[in-house]
Amino acid sequence: MFVFLFAPIAIVVLFSFNKTASLTFPFHGWSLRWYRAVFSSPLYRDAIVASLRVALITVLVVVVVGTLAGIGVTRHDFRGRGLVRFFMLFPAALPGLFLGIALLSFFVQTKVSLSLWTVTVGHLVYVVPYFFLVVVSRLQRFDYLLEEAARDLGAGPFATFRRVTLPLIAPSLIAGALVVFSLSWDEVFITFFTIGAQNTLPLVIYSTVKQSVDPSVNAISTLLLAGSLVFVLSVRRLVADLQQ
Amino acid sequence: MSDELSPASRFTRQELLRRSLVGGAAIGLAPAFLDSLGGVAAAATTEAASGTINFFSWQGYDLLDEAALKTWRKQNGVTIHSTYVNTHNDITAKFTSGGGKGIYNLSTYEAGYGPFYVGLGIPAPIDVSRVPNFKNAHPLFRTGTIAKKWWNFNGHQWALPFTWGIQAVNYASDKIKAPTSYFDLLKPSFKGKFGVTDDPVAAIVIGAHVTGVFRADSLYTPAQLKKIIAFWSSLKKNARLIVPSYGNMADLFASGEIVAATPGWAAVNSFAAAKGDKSVKHTIPKEGSGTFCDAFMIPNGAKDTDAVYAYINEAFTLEAQAQEAETLVQGAVCPKAVPLMNKETRALYPYKNLTQILTKSAPLEAIPTKVPKGYASFDDWNKAWERFKA
Amino acid sequence: MTATAVARERLVPIGFSARRRQRLVVALLVGPAVLVVAGALLVPAANLFVQSFMESGGYGQVTYHFTLSNYTDALRDPVYRTVAWHSFGLGALSALICVVAGYPAAYYITFKLRRGRTLALFLVVVSLFTSYLVRLYAWDTILGSHGVINTALIHLGIVKEPLLFLLFSRTAVLIAWVNVFLPYSILMLTSSMQNIRPDLLENARDLGTGPLRTFTRVVLPLSMPGAVAAFTYTFILTSGDYITPALLGGTSSTSLANIVSDEFVALGNRPAGAAISFVMLTIFFLVYLVLTRLEKLRGI
């Protein structure tokens, strides 16, 4: 089964080293030319920067907003709680195509000009359900008695949150943040409709894939893969250290 | 290797290549004055042109690879940021949805789209006096009936045509002989071996030739349109796939998945060669084919047009035109640029017969606009093509 | 346990001002998120919904004139119905395969693996790290007539001619979709199975239940929520994916998502595109309803 899962990835990595511009067999030999092309291309650089900006802002906003909402929904029993939960999860029921189109129509009518900000808005609503799920499922397993204990010992609510709750839910928050980051990073449908004159990396890859592709796309993907691996592994190390 | 232009082939409206790669080239800022490059006949532009051009159209039309323009950009401190399109509809969508207004200051449209776009308020009138090198272009592109149909009407110049090309059939010359008729592709020997390109405008025009109902003004009755689509449907049954874009086509040839494809595009030959398959050629079957012609346009609401005007003007110098023809694998509009081309580019199209083809058999077709009752509209075309693909 | 539950347990009465304060706190906590979803989703969606009842007045224009024609046209059109049938059918099939194929993997990871579990999950997640578009293109190389599989089959003498149906066909689209969504399914199923208390399984074994019956009587029902989630998720996302069918579908390259996208981009007909989108949404909702109802029926 892992062979099936990884087969395309193996091909992608292999052909990133292809000597010619071909993406099909025969394989013509090893070369780093596509990696060099990627690094020297302002196109890819700008796109990576744009993708990073969008993803980072999305992550920041969603983590704050989503954690707050998660706490609100799990701690307090209030009227409309079910409705809020539904709204938080609802965007997951919509294909990116729909979200993108709805947003574009809306922006057109309200004469908002398209930019990376409009893309960020789209990504935000797209990722909310995933982060919310992670936070809520963590908070549901959270032992409130720990907070109680802190409160009994005289700590105020903010301090309790900072010293007790946050460190304990931090790993889940980080996991959620990672999920959100990768969702935003790879997103193409919503982005396609809501972007202005810029490009994000998936859009570049999308346009490249549709036209005359050369292995620089493979090179980028391999780099991203390696980068994400390194990133995830180091975060895990960090989290493990934190928990000491 | 040269394409034969049969007398029956006409200048017809064509949809363009689908290439899209988002590109951008930041060039250093070096203040300098423009040198008139290869100056013949045209007055040198003297506008101090530095600035940014935000380009939105087909890859290649931002002319990033032509040496003459590279030098010019460097000398004048002009930077180009490009976003490329997959289909001509992307241009329509971008400039009507409010997402493109004010952001991009240079785009293009294919001749047939002219009246349609002007109706939608997309292009801004062009001040031709700021593009003196346009005089280098063949009179057919500047004055006369053709020009008045697509680029210069209602008292304004809406766009400046700078390149054109023919779309018929690409084939792998090492595997098969050039098809002499579109109907060859229906033979069993071609079963599962060729592709139909997702290019409705090109396809319908070719289909009109094939079914014998071709009209210069692109007005077809629904019954005629049905017949055209039926032809393509029968092709589709014998085809391997619907090719999403011309770039894909090159890959498909290179990987040996197909041996032919239509509608085609001469430039695919060089794409495929870059991928290691030097055998792809382009041919025009006896029923004829379509020609497209693209023109620079400045979108309404564009800002900072100084650099744009200077750039366009530079694109019409003879040296630039020759290089454009070479890199785009298409035709140039300036006849005096032909001697400056290399052999292969010159051989692409019969420039000697240009006048005859452009005047006699070559009215540029439109997308049907102001369609009288009883004829199919552009909407109908698109809808019919959707059904064809389904 | 919510704070109010805890409070209730300790029989601490919540005073009036405390309740007001609580409401304020809730509003502050939940407010921002709700605003995001409302502003970025509900309002635009409502706007789109309104537009679906309007007429299209040429490319990109909307004339504000109430009409049901967008919906009736969409629902009555035989071509749309055929495309929808194929699109949804293929999507449902891929979702089914993902769930069915995901079960053994999830089961193994949850219950059989001890030390290797993190690694296995990690590998599953890693497969998601490569851009799905680029992976898409890799299928040409694997499934093509000169690709890995065909070359191997010919070499081994199993077939004489390359198998053409592997690429540029609905089969190819199916394979690509399963490849993309299987990891998600495995993750969802695993997460759902992890909530099954192991002592339940042990009890079953102690009572002499064979492994198959343990699976069908214990694991399957308890992990149904995960299976439903995985199926729905895959089904919805494949239905919205117009890129995969276009690149790998061959002559069956249109999907319903394509039609929606074309209505907006190629035809500039927002009302029609909106109507079709909402019809799609309704179908998703119905599928979800049916599945959750079925799940409840099977429940212990």
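The values are calculated or read from the model by the stated rules, or taken from the named source; none is laboratory data. Computed from a prediction, not measured in an experiment: that's the story for all the values here. Note that each Cβ is placed from the backbone with ideal geometry, even for glycine, and that neighbours are counted across all protein chains shown. The protein model used for the area step is the full one, side chains on, heavy atoms only, and it has no ligands, DNA or RNA in it. Shrake-Rupley method; radii C 1.70, N 1.55, O 1.52, S 1.80 Å.
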Within the range B:264-320, track down each residue that is in a helix (DSSP H, G or I), β-branched (V, I, T) and over 19 Å from B:E66 (Cα atoms). B:T305
Tally up the residues in the range C:170-205 that are open to solvent by 20 Å² or more (accessible area, probe 1.4 Å) and outside any helix (DSSP H, G or I), please. 2
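Condition test on B:G247, is it under 19 Å from C:G144 (Cβ atoms) and either of a type in the set (D, E, K, R) or outside any loop (DSSP other than H, G, I, E, B) (or both)? Give the derivation first.
Working: under 19 Å from C:G144 (Cβ atoms): yes; either of a type in the set (D, E, K, R) or outside any loop (DSSP other than H, G, I, E, B) (or both): yes.
The answer is yes for B:G247.
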Looking at the range B:193-202, can you tell me whether even one residue there is over 16 Å from B:V280 (Cα atoms), open to solvent by 20 Å² or more (accessible area, probe 1.4 Å) and not in a strand (DSSP E or B)? yes
Looking at the range C:56-66 only, could you name the residues that are without any contact (Cβ under 8 Å) to a residue 60 or more places away in the chain and of a type in the set (V, I, T)? C:T63
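Of all residues in the range C:27-55 being touching a residue at least 40 places away in the same chain (Cβ under 8 Å) and more than 8 Å from chain A (Cβ to nearest Cβ), which is nearest to A:T74 (Cα to Cα)? Walk me through how you get there before you give the answer.
Taking the range C:27-55 and keeping what is touching a residue at least 40 places away in the same chain (Cβ under 8 Å), we get C:48-49, C:51-55.
Of the ones still in play, those that are also more than 8 Å from chain A (Cβ to nearest Cβ) are C:49, C:52-55.
Numbers: C:F49: 32, C:S52: 37, C:F53: 39, C:M54: 41, C:E55: 45 Å.
Per the criteria, the residue is C:F49.
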Can you tell me how many residues in the range A:171-189 are closer than 20 Å to A:Q140 by Cα and at pLDDT below 80? 4
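Kindly check whether there is at least one residue in the range A:154-175 that is on the phi < 0 side of the Ramachandran plot, away from chain B (no Cβ under 14 Å), surrounded by fewer than 23 Cβ atoms within 10 Å (Cβ to Cβ) and outside any helix (DSSP H, G or I). I'd like the intermediate steps shown before the answer.
Keep residues of the range A:154-175 that are on the phi < 0 side of the Ramachandran plot, which gives A:155-175.
Remaining after also requiring away from chain B (no Cβ under 14 Å): A:155-175.
Still in the list and also surrounded by fewer than 23 Cβ atoms within 10 Å (Cβ to Cβ): A:155-175.
Now drop any that are not outside any helix (DSSP H, G or I), which leaves A:155-156.
Looking for residues that are on the phi < 0 side of the Ramachandran plot, away from chain B (no Cβ under 14 Å), surrounded by fewer than 23 Cβ atoms within 10 Å (Cβ to Cβ) and outside any helix (DSSP H, G or I), one finds at least one in the range A:154-175, hence yes.
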B:D277 meets each of (1) within 12 Å of another protein chain (Cβ to nearest Cβ); (2) modelled with pLDDT of 85 or more; (3) more than 17 Å from the chain's Cα centre (by Cα) with one exception, condition (2)
Considering only the range B:72-95, I want to know if a residue exists there that is outside any helix (DSSP H, G or I), modelled with pLDDT of 90 or more, within 13 Å of chain C (Cβ to nearest Cβ) and touching a Phe, Trp or Tyr at 6+ places or on another chain (Cβ under 9 Å). no
Pairs needed: first member in the range A:133-152, within 20 Å of A:F90 (Cα to Cα); second member anywhere, in a loop (DSSP other than H, G, I, E, B); C-beta distance under 8 Å; at least 6 residues apart or different chains. none
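Inside the range C:140-159, can you point out the residues that are open to solvent by 10 Å² or more (accessible area, probe 1.4 Å) and either closer than 11 Å to B:E257 by Cβ or assigned to a helix (DSSP H, G or I) (or both)? It would help to see each step written out before you state the result.
Within the range C:140-159, the first condition is being open to solvent by 10 Å² or more (accessible area, probe 1.4 Å), and the residues that meet it are C:140, C:142, C:145-146, C:148-149, C:151-159.
C:D140, C:I142, C:S145, C:H146, C:V148, C:I149, C:T151, C:A152, C:L153, C:I154, C:H155 - these are the residues of the range C:140-159 that are open to solvent by 10 Å² or more (accessible area, probe 1.4 Å) and either closer than 11 Å to B:E257 by Cβ or assigned to a helix (DSSP H, G or I) (or both).
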What number goes with the only condition from (1) within 14 Å of chain B (Cβ to nearest Cβ); (2) more than 27 Å from C:V99 (Cα to Cα); (3) surrounded by fewer than 17 Cβ atoms within 10 Å (Cβ to Cβ) that C:P162 does not pass? (3)
Give the range C:54-77 a look and list any residue that's over 24 Å from B:I91 (Cα atoms), open to solvent by less than 40 Å² (accessible area, probe 1.4 Å) and not β-branched (V, I, T), or say none. C:M54, C:N70, C:Y71, C:A74, C:D77
Is there a residue in the range B:251-258 that is within 14 Å of another protein chain (Cβ to nearest Cβ) and within 21 Å of B:Y84 (Cα to Cα)? yes
Matching entry among C:T234, C:T254 (being within 14 Å of C:A92 (Cα to Cα) and either in contact with a strand residue (DSSP E or B) (Cβ under 8 Å, 6 or more places away or on another chain) or not aromatic (F, W, Y) (or both)): C:T234
Mind checking whether some residue in the range C:137-146 is farther than 21 Å from C:Y242 by Cα and more than 7 Å from chain A (Cβ to nearest Cβ)? yes
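Considering only the range A:59-66, I want to know if a residue exists there that is out of contact with any helix residue (DSSP H, G or I) (no Cβ under 7 Å at 6 or more places or on another chain) and either open to solvent by less than 40 Å² (accessible area, probe 1.4 Å) or in contact (Cβ under 8 Å) with a residue 60 or more places away in the chain (or both).
No, that holds for no residue.
Conditions tested, residue by residue: (1) aromatic (F, W, Y); (2) within 10 Å of another protein chain (Cβ to nearest Cβ).
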| position | (1), (2) |
| --- | --- |
| A:W34 | yes, no |
| A:Y44 | yes, yes |
| A:L56 | no, no |
| A:M88 | no, yes |
| A:A102 | no, yes |
| A:V119 | no, no |
| A:V125 | no, yes |
With the checklist (1) under 19 Å from the mean Cα position of the chain (by Cα); (2) more than 21 Å from C:A246 (Cα to Cα); (3) open to solvent by 40 Å² or more (accessible area, probe 1.4 Å); (4) not hydrophobic (A, V, I, L, M, F, W, C) in hand, flag the one item C:G102 doesn't pass. (3)
Show the residue pairs meeting these rules: Cβ distance below 9 Å; 6+ apart or different chains; first residue within the range B:154-166 and basic (K, R); second residue open to solvent by less than 20 Å² (accessible area, probe 1.4 Å). none
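Which residue out of B:I206, B:I176, B:I228 is in contact with a strand residue (DSSP E or B) (Cβ under 8 Å, 6 or more places away or on another chain) and buried (at least 24 other Cβ atoms within 10 Å of the Cβ)?
Being in contact with a strand residue (DSSP E or B) (Cβ under 8 Å, 6 or more places away or on another chain) and buried (at least 24 other Cβ atoms within 10 Å of the Cβ) holds for just one of B:I206, B:I176, B:I228, which is B:I206.
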Which residue, of A:T110, A:T24, A:T20, is at pLDDT 80 or above and either closer than 24 Å to C:Y137 by Cα or within 13 Å of chain C (Cβ to nearest Cβ) (or both)? A:T110
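Taking the range B:367-386 as the region of interest, how many residues are of a type in the set (D, E, K, R) and surrounded by fewer than 19 Cβ atoms within 10 Å (Cβ to Cβ)? Reasoning before the result, please.
Taking the range B:367-386 as the starting set, the residues that turn out to be of a type in the set (D, E, K, R) are B:370, B:373, B:379-380, B:383, B:386.
Now drop any that are not surrounded by fewer than 19 Cβ atoms within 10 Å (Cβ to Cβ), which leaves B:370, B:373, B:379-380.
Going through the range B:367-386 one residue at a time, the tally reaches 4.
Would it be correct to say that B:E314 is open to solvent by less than 10 Å² (accessible area, probe 1.4 Å) and more than 12 Å from chain A (Cβ to nearest Cβ)? Even if it seems obvious, please write down each step before you answer.
On the way: open to solvent by less than 10 Å² (accessible area, probe 1.4 Å): yes; more than 12 Å from chain A (Cβ to nearest Cβ): yes.
Taking the combined requirement at face value, the residue satisfies it.
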Out of curiosity, is B:A147 of a type in the set (A, V, I, L, M) and touching a residue at least 40 places away in the same chain (Cβ under 8 Å)? no
Report yes if some residue within the range C:19-26 is exposed (fewer than 15 other Cβ atoms within 10 Å of the Cβ), in contact with a helix residue (DSSP H, G or I) (Cβ under 9 Å, 6 or more places away or on another chain) and more than 8 Å from every other protein chain (Cβ to nearest Cβ); otherwise report no. no
Here the residues within the range B:110-134 that are open to solvent by 10 Å² or more (accessible area, probe 1.4 Å) and not in a helix (DSSP H, G or I) are B:G121, B:A124, B:P125, B:I126, B:D127
Filtered residues of the range A:127-153 (kept if part of a helix (DSSP H, G or I) and away from chain C (no Cβ under 11 Å)): A:V136, A:R138, A:L146, A:A149, A:A150, A:D152
